[in-house]
Amino acid sequence: MRPILGVDFGRARIGVAISDELRLLAHPVETIRSTKESAALIAKLARERNVERIVVGVPRLMSGGHGSAADEVMQFVEKLRKAVSCAVVTWDERLTTVAAHRALRDAGKKTRTTRGYVDQVAAQMILQGYLDSLQISEQPNQLRQ
């Protein structure tokens, strides 16, 4: 199986993660500065890593709706779809950046030193959630009693 790329889009930085070939685990890759060329950089990375698809986290509101941040991400997704030949899918990423900050803090990392890494961890969390959902959907039905 080909790996899957995970993306955490932000106005300043974009975190990128990738799955292993078995699609069991997500691993941080890098943080990219958010510029007009970001979609092209991620497209290049997708080609280099021979990914099957790209999963982009969309920050939904707690109510489930879309706010202005989600609208920005969807604009980026459209730009990315034009730049790649693989599928680009979206994934609900509510609170992943908060969870990434907490995980790094719990690991003893200071906020100042994790600024560039937190986006990769958020991308890793987005991708891991997506991979876990694939595993659940692919499991055979349990015997019914």
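Name the residue that is surrounded by the fewest Cβ atoms within 10 Å (Cβ to Cβ), counting only residues in segment 50-89 that are of a type in the set (Lys, Arg), modelled with pLDDT of 95 or more and farther than 16 Å from Ile14 by Cβ. Ranking the qualifying residues of segment 50-89, first place goes to Lys82.
Of everything in segment 90-135 that is among the small types (Gly, Ala, Ser) and at pLDDT 90 or above, the residue that is surrounded by the most Cβ atoms within 10 Å (Cβ to Cβ) is Ala123. With the requirement that a residue be more than 14 Å from Ala122 (Cα to Cα), not acidic (Asp, Glu) and not in a helix (DSSP H, G or I), what does segment 26-54 give you? Matches in segment 26-54: Arg33, Ser34, Thr35, Lys36, Arg49, Asn50, Val51, Arg53, Ile54.
What number of residues within segment 1-25 satisfy the criterion of being touching a residue at least 24 places away in the same chain (Cβ under 8 Å) and either among the β-branched types (Val, Ile, Thr) or assigned to a loop (DSSP other than H, G, I, E, B) (or both)?
First pass over segment 1-25, keeping only residues touching a residue at least 24 places away in the same chain (Cβ under 8 Å): 1-11, 13-19, 23-25.
When the remaining residues are screened for being either among the β-branched types (Val, Ile, Thr) or assigned to a loop (DSSP other than H, G, I, E, B) (or both), the result is 1-4, 7, 9-11, 14, 16, 18, 23-25.
Within segment 1-25, residues that are touching a residue at least 24 places away in the same chain (Cβ under 8 Å) and either among the β-branched types (Val, Ile, Thr) or assigned to a loop (DSSP other than H, G, I, E, B) (or both) number 14.
The values are calculated or read from the model by the stated rules, or taken from the named source; none is laboratory data. As the structure is a prediction and not an experimental result, all values here were calculated from the model. A quick note on method: Cβ atoms are made from the backbone with ideal geometry, for glycine too, and the neighbour counts reach across all protein chains shown.
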